[in-house]
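Colleague: Pasting a structure below so you can have a look.
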Amino acid sequence: MNFNDRKYVLIAAVVFICAVFIMRLFWIQVVDQGWAARAADISERKITVYPSRGLILDRHGELLVANTPVYDIMVVPREVKNLDTLGLSELLHVPMDQVRERLRKARDYSVWKPSEFEKQVTAEQYAAISVHLYKYPGFYAQSRTLRTYPPHVGAHMLGYISEVGARKVEQDPYYKPGDVIGVGGLESYYETALRGKRGVKYVVVDVHNNVQGPFQEGRYDTLAHAGKNLYTSIDLKMQELGERLMRNKKGSIVALDPRTGEVLALVSSPTYDPELLVGRVRNTNYRVLQQDPLTPLFDRALQAQYPPGSIFKLAQAAIALQEGVITLNTSFACNKALVGCHNHPTAANVEQAVQFSCNPYFYQVFKREIEQGASKNRFEDAALGLAKWKVAMESFGLGHQPRLDLPSVKGGSIPGVAFYNRIYGEKAWSFSTIYSLSIGQGEVLVSPVQMANLAAIFANRGYYYDPHLVRAIGHPDSLNTQVQRHHTLVDDQWFPPLVEGMRRVVNEPGGTARAARIPGITVCGKTGTAENPHGKDHAVFVAFAPMEDPKVAIAVYVENSGFGGTWAAPIASLCMEQYLTDTITRPELMQRMLDANLIAEEKNYVKPAKRRRP
């Protein structure tokens, strides 16, 4: 057969095959009405499979954050037929005008693609809805999970989840409208680990929204991958106790393990129940919390910045010893003409100066640090001394943002030469201008995390680790290896005498924190009182224990409460005792702290003219 004959055979075959297809399509679409009915009854649906968000656990495996199932009611506008809007309104408890508005928005978005109609319906609510949903073609449920907080603590450090904003959707291709994202705390910092990876499932459904089976045997489906769990260093019992003790008080508690930098407790008060920011009530509750005059949304443990008061004297003494401007046996008279102080014996050495918290003593110490005779011009001499002092202070982790695995951590301020030049002008200030820094007042500011870190430095006799909350991600044995060890510019030899002074603060007569003693455990601490021009002074206490083998370092800051030994020291002592011994042996002290309502007292307080206590 020649080429021309084969060509006609091929043409005839193609024509025959096309004729067969045309006749078959004509039969299906025109003659046999059963196929039309089948096509009307069956449709394909793409369902997003949301992964379970990673859990957050404490150091003992107790759940801090878990998941609970919820359902989003979805709508595909092209499938909506003969809608009973009144019935749908009553079924979902959505006002009639909202039903119409949401349908309009869904159509504007796409008549083919599903849109969220009602979000975050609880499992209990969905049980009542599901039996009637078949009456509303085009509507179906899609499951996902919401956060739940079994212990109801740690709201600030944990954060919450919220619907992703339009800007984030534009910036990050992972997110789509209707997705959720971590906001604040660990939820935000570890978002990429916690969120997991979405999957997709294609199913065939009939006209009654009943799933008939997978589309093409699931060949186009993709699996969802659950988020990774976070194993934190938080001790749940200590966190719960801290939040109870700080109830009706303003302030914070930060506790660390000085051996590792792990955060044991992170309390900000006033706080709120994290369950308030879950589900459909989140926006309403957020507005209420935002308008609360006690500012419960403000994270005092991370974002508050305070004058450190007398706890600053610990670093002052260490730097002065390192620079050789004083010795261990340097003594200064308690000259109240220099700066106010309380009554106590003359400090014969550095240990007693810490024990008695003598203000005039540390005035003289700071004067020697700033005026070292490097220049005959007193202004230049002060600038040289302050520059050197600032570098040493920053080696204690002060004056810059801590490397903490939480967002929005404040770093306080250690003022330097440039700072005072801007205020007073170059060569226009000297020690007499800045002497308030000597006792932790004036322009110096620290955050509560930095205060706890200061206690850890003295517990370790000269070094600290980056504070952090997460020990492992995904598996409890995958330990965090990014933590760094930092040494101060002060030699190890100068810390033991100062630690002895801290022991005396708590355990010897004349010490300012006798209320912090724990039976059978040697506590080392330092009180402080920060001036408050608008009310009662703020109280601060830093400590570590046991002295010989420190396992916990802590900082407690109680606003508008007066002397540091009255409230801050007992609260710190109770938290440490609970952590170290798993019990409380002083129920009377515990009850006194629980019963105190310092916020109510603050409203009726009138500030008298008085000398400041250390």
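Colleague: Charges at C-beta only: +1 for Lys and Arg, -1 for Asp and Glu. How large is the resulting dipole of the chain about its Cα centre, in Debye rounded to 20?
Modeller: Working: 69 positive and 61 negative charges, 183 e Å.
Roughly 880 debye, rounded to the nearest 20.
Colleague: Please work out the Kirkwood hydrodynamic radius for region 45-232, using every pair of different C-alpha atoms, and report it in angstroms with one decimal place.
Modeller: With all distinct Cα pairs of region 45-232 included, I get 18.1 Å.
Colleague: The chain: percent of C-alpha pairs farther apart than 45 Å?
Modeller: 37 percent
Colleague: Over 22 Å between Cα atoms: which of K176/K201; K176/K410; K81/K201 fall into that group?
Modeller: Cα-Cα > 22 Å for K176/K410; K81/K201; rest within.
Colleague: May I pose another question? For region 494-600, evaluate the Debye formula with one uniform point scatterer on each Cα (no solvent term) and list log10 I(q)/I(0) at q = 0.12, 0.24 Å⁻¹, rounded to two decimals.
Modeller: -0.38, -1.32
Colleague: Please report how far the C-alpha centroid of region 355-426 lies from that of region 525-591, rounded to the nearest whole angstrom.
Modeller: 26 Å
Colleague: Let me ask another. Sum -39500 (n - 2.57) across every DSSP H segment of at least 4 residues in the chain, then divide by the residue count to get the 222 nm mean residue ellipticity, nearest 500.
Modeller: Computed ellipticity for the chain at 222 nm equals -10500 deg cm²/dmol.
Colleague: Take peptides 373-384, 178-189, 124-135, 318-329 and line them up by average Cβ neighbours within 10 Å, highest first, as a rough protection proxy.
Modeller: Ranking, from highest mean packing down: 178-189, 318-329, 373-384, 124-135.
Colleague: Expressed as a fraction of 2.2 N^0.38 Å, the rule-of-thumb size for a compact globular protein of N residues, what is the C-alpha radius of gyration of region 265-407?
Modeller: Rounded to two decimals, the normalised Rg is 1.51.
Colleague: Also: Which helices, taking whole DSSP H runs in the chain, have alpha carbons extending 15 angstrom or more along the helix axis plus mean Kyte-Doolittle at least -0.5?
Modeller: Helices passing the filter in the chain: 3-26, 312-323, 378-394, 448-459, 495-507, 568-581.
Colleague: Moving on. How large is the Rg to Rh ratio of region 423-534 when both quantities use alpha carbon positions and Rh follows Kirkwood?
Modeller: Answer for region 423-534: 1.07.
Colleague: Taking the Cα centre of each part, how many Å lie between region 53-113 and region 142-202?
Modeller: If you average the Cα positions of each part, the centres end up 16 Å apart.
Colleague: Ok, one more. In Å, what Rg and Dmax follow from the Cα atoms of region 321-478?
Modeller: Expressed in Å, the Cα Rg and Dmax of region 321-478 come to 18.3, 62.
Colleague: Select from P270, V417, V365 the residue farthest towards the positive end of the dipole of the chain; place +1 on Cβ of Lys and Arg, -1 on Cβ of Asp and Glu, and compute about the Cα centre.
Modeller: V417
Colleague: Another question about this same structure. Which three semi-axes in whole Å describe the equivalent ellipsoid of region 156-197, each the square root of 5 times a Cα gyration tensor eigenvalue, listed largest first?
Modeller: Whole-Å semi-axes of the equivalent ellipsoid: 18, 11, 8.
Colleague: Could you name the lysines whose alpha carbon sits less than 29 Å from that of K427, not counting residues in the same chain fewer than 8 places away?
Modeller: Partners found: K313, K336, K367, K376, K388, K390.
Colleague: Convert 4 °C to kelvin, take the viscosity as 1.567 mPa s, use the Kirkwood radius over C-alpha pairs of region 54-139 as Rh, and evaluate the Stokes-Einstein diffusion coefficient in µm²/s, rounded to a whole number.
Modeller: 89 µm²/s
Colleague: Once you have a ≥ b ≥ c as the square roots of the Cα gyration tensor eigenvalues for region 160-280, tell me rounded if a/c is under 1.5, and otherwise prolate or oblate according to whether a/b is larger than b/c.
Modeller: Cα axes put region 160-280 in the prolate bin.
None of the figures in this text is laboratory data; all of them are computed from the coordinates on show. Keep in mind that what you see is a predicted model, and the values were worked out from it rather than measured. All Cβ positions, even for glycine, are placed from backbone atoms using ideal geometry, and neighbour counts span all protein chains on display.
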